[in-house]
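Take a look at the structure set out below.
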Amino acid sequence: MKRPFLAAAVAGVLVIPFYSTALAQKVDADQAKSQAKKSGCLNCHDIDKKKVGPAFKDSAEKFKGKSAADLGASIKSKPVHNAALKQTGDKELKLVSEWILTLGK
């Protein structure tokens with residue numbers, strides 16, 4: 001009984017990194033950038049240089065190996081993002097977070 005469970009767990013651990021890489025490659029960068037602009041993210045952030053907030057590429061490096069949900073939770077936890085989040089649903093935040101993560105080196 002334990003062997004099938006163990007095999008499934010091992011398979012899941014091996015598949016997750018490949019799945020997340022494939023997911024990152026499927027992000028529509030133009031749509032995500034448009035959403036970031038619409039939500040007001042680009043008022044304080046730029047892709048590759050610091051403005052009021054960190055560059056998206058720097059955020060991607062900071063969250064390297066983590067999920068879009070982790071990045072989204074970090075964004076939600078900062079009160080400075082409240083105004084932008086009022087204009088952004090969870091689906092849009094996930095799209096922008098996934099895109100940001102693709103910008104890492």
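The values are calculated or read from the model by the stated rules, or taken from the named source; none is laboratory data. Note that the coordinates shown come from a computational prediction; the quantities given were computed from them, not determined experimentally. Virtual Cβ from ideal backbone geometry, glycine too; neighbours counted across all protein chains shown. Just the protein is used for accessible areas: all its heavy atoms, side chains included, with ligands, DNA and RNA removed. Shrake-Rupley method; radii C 1.70, N 1.55, O 1.52, S 1.80 Å.
Listed by chain and number, the aspartates and glutamates whose C-alpha is less than 16 Å from the C-alpha of LYS49, apart from same-chain residues fewer than 8 away, are ASP58, GLU61. Inter-label distance, ALA29 to SER67: 2.5 nm, where each label sits 7 Å from its Cα along the C-beta direction.
Heavy-atom accessible surface of SER77, to the nearest 10 Å², is about 80 Å², with a 1.4 Å probe and all protein chains retained. Residue pairs exceeding 18 angstrom between C-alpha atoms, taken from LYS66/LYS94; LYS50/LYS94; LYS38/LYS64: LYS50/LYS94; LYS38/LYS64.
Heavy-atom accessible surface of the stretch 33-105, averaged per residue, reaches 63 Å², computed with a 1.4 Å probe.
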